[in-house]
Amino acid sequence: MTNTLHPADEAEIPEYPMTRASGCPFDPPPRLKALQEEAPIHRVRLADGTTPWLVTRYADQRAVLADPRISSDADRPGYPRGMPAQPGGSKISFILMDDPEHARQRRMVTAPFTVKRIEAMRPAVQKIVDDQIDALLAGPKPVDLVEAFALPVPSLVICELLGVPYSDHDFFQDNSRVVIRRDATPEQRAAAMSSLTGYLDDLVGRKLENPGDDLLSGLCERVEAGELERSDVAQMGVLLLIAGHETTANMIALGTLALLEHPEQLALLRETEDPEVVAGAVEEMLRYLHITHSGRRRVALEDIEVGGQLIRAGEGVIMPNDIGNRDPEVFDDPDRLDLSRDARKHVAFGFGVHQCLGQPLARMELQVVYSTLYKRIPTLRAVPGLDEIPFKHNGAVYGVYELPVTW
């Protein structure tokens with residue numbers, strides 16, 4: 001066991017997160033690539049001055065994410081926040097809890113996200129996608145693909161699943177953007193989270209009186225049975241609402257841009273009628289474009305060894321999945337977009353007990369979008385050049401602010 005990768009000089013500790021502003025906008029920051037090659041487990045400095053460990057290799061990330069001696073509890077000392085805690089606490093439902101409470105709450109929302117249940121939604125999602133494309137084709141051009149397509153599609157889907165009125169989409173989309181902005185102040189973020197929680201709490205109250213056939217109504221049954229508090233359901237609703245539209249919306253827009261920049265890969269996707277080819281292409285897009293670029297964060301509960309490096313109890317750990325998915329030990333020529341490769345072992349959805357609950361839904365939505373949009377609008381193209389498109393360098397979820405397209 002060694003500790004040689006710990007920098008002797010404070011000046012050697014790089015800042016994290018690292019910008020993608022230079023080089024290819026689809027690639028992880030160049031400094032991350034250098035660390036993966038030269039110092040795969042390395043100290044980094046967060047905005048609050050703390051210096052957790054950054055774990056950049058695929059195998060080490062999976063080892064950490066599967067280790068029961070690692071905690072997801074953001075209230076534990078040493079957890080790598082990088083910013084002051086939000087007033088009123090930091091928990092966002094079970095995502096920042098450890099077992100057994102994490103497992104208990106997660107089980108209550110697992111059923112709607114099983115592969116069988118999600119597949120039953122495919123025709124409805126296909127209609128949503130087709131309707132949005134119909135509106136695109138009937139409207140003016142150029143048009144911003146983000147506002148006209150990428151954002152409405154997953155918002156409509158998650159609203160239908162949760163039982164949230166889509167008519168309120170401006171409200172929850174605006175507040176969601178603030179919650180995930182890295183440059184938002186703690187007060188701004190807390191105000192946005194409070195607004196969302198209050199909104200979901202009111203909705204939960206209405207569903208307790210008049211339940212429907214949706215996920216929130218199902219959770220309200222748990223409240224009546226004494227298994228959950230009303231506030232727990234509101235927090236779960238906030239988590240699922242934000243995660244259910246922000247991440248997929250950015251994958252749709254950023255994925256479209258990446259495919260337009262790789263026309264030979266777009267042609268493979270546009271010309272196939274094989275759903276297995278489409279499913280494989282989605283896995284490669286998830287590997288290549290992994291859009292959460294603040295890293296999955298944990299804190300060690302006891303001394304552990306990762307990749308020959310000692311990480312002591314109470315020290316924070318960050319695993320940036322974008323660079324884990326570009327590990328040449330796992331993926332040949334990892335910086336190349338190749339829709340024909342087998343990319344199923346990517347870590348875009350994490351690993352271990354906290355891996356993304358909604359991954360079947362995200363996969364199905366992307367399969368429908370990627371197999372439909374480019375066939376129905378085969379001449380789709382971006383209006384500005386790549387260097388003129390505004391990328392989300394200031395958010396916890398990476399993507400583009402807008403993508404003007406025409407055909």
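The values are calculated or read from the model by the stated rules, or taken from the named source; none is laboratory data. Since we're looking at a predicted model, the values are computed, not measured. Please note: Cβ atoms are built from the backbone with ideal geometry, for glycine as well, and neighbour counts cover all protein chains shown. We work out accessible area using only protein heavy atoms, side chains counted, and drop any ligands, DNA or RNA first. Shrake-Rupley method; radii C 1.70, N 1.55, O 1.52, S 1.80 Å.
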With x for Gly and Pro, the residue-by-residue ³J(HN,Hα) of the range 286-294, computed from phi through the Karplus equation 6.51 cos²θ - 1.76 cosθ + 1.60 at θ = phi - 60° and given in whole Hz, is 5, 5, 6, 10, 2, 9, 8, 10, 10
When the helices in the chain are scored as -39500 (n - 2.57) per DSSP H run of 4 or longer and the sum is shared across all residues, what 222 nm value do you end up with, to the nearest 500 deg cm²/dmol? -14000 deg cm²/dmol
Straight-line reach check, residue 116, cutoff 18 Å on alpha carbons, 8 or more apart in-chain or any other chain, hits among aspartates and glutamates -> 160, 213, 214, 276, 365
Which three extents, in whole angstrom, do the alpha-carbon atoms of the range 339-407 cover along their principal axes, largest first? 42, 32, 22
If the reach is capped at under 28 angstrom between alpha carbons, list the lysines near residue 392, excluding any in the same chain fewer than eight residues apart. 33, 91, 141, 345, 375
I'd like to check one number: the per residue accessible area of the chain, probe 1.4 Å, reported in Å² as a whole number. 42 Å²
Principal semi-axes in Å for the range 278-346 [√(5λ), Cα gyration tensor, largest first]: 29, 13, 9
Accessible carbon and sulfur surface of the chain relative to its total accessible area, %, 1.4 Å: 52 percent
Go through 272, 114 and list them by solvent-accessible area, largest first, probe radius 1.4 Å. 114, 272
So how strong a dipole does the range 153-270 carry about its Cα centre when Lys and Arg Cβ are +1 and Asp and Glu Cβ are -1, to the nearest 20 debye? 340 debye
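Counting Lys and Arg as +1 and Asp and Glu as -1, each charge on the Cβ, what is the dipole of the chain about the Cα centre in debye, to the nearest 20?
180 debye
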Span from the the range 50-79 Cα centroid across to the the range 381-405 one, whole angstrom: 31 Å
Hey, can you grab everything whose amide H is under 5 Å from the amide H of residue 294? Only 5+ residues off in sequence or another chain; H modelled, so Pro and N-termini drop out. none
Can you list the HN-Hα couplings for the range 73-82, worked out from phi with the Karplus curve (6.51, -1.76, 1.60; θ = phi - 60°), rounded to whole Hz and with x for Gly and Pro? 6, 6, 8, 6, x, x, 4, x, 5, x
Residues with amide H under 5 Å of residue 310's amide H, sequence separation 5 or more or different chain, H placed in the peptide plane at 1.01 Å from N; which? 2
Determine the dipole magnitude for the range 338-391: charges of +1 sit on the beta-carbon of Lys and Arg, -1 on that of Asp and Glu, nothing else is charged, the reference point is the Cα centre, and the result goes in debye to the nearest 20. 260 debye
Mind checking the alpha-carbon convex hull of the chain and giving the volume per residue in Å³? 136 Å³
Phi to ³J(HN,Hα) by Karplus 6.51 cos²θ - 1.76 cosθ + 1.60 over the range 296-301, Hz, x for Gly, Pro: 7, 10, 8, 9, 6, 8
Post the alpha-carbon centroid distance, the range 157-199 to the range 214-261, in whole angstrom. 11 Å
Work out how far the C-alpha atoms of the range 46-163 reach from end to end along every principal axis, then list the three figures in whole Å, largest first. 54, 36, 35
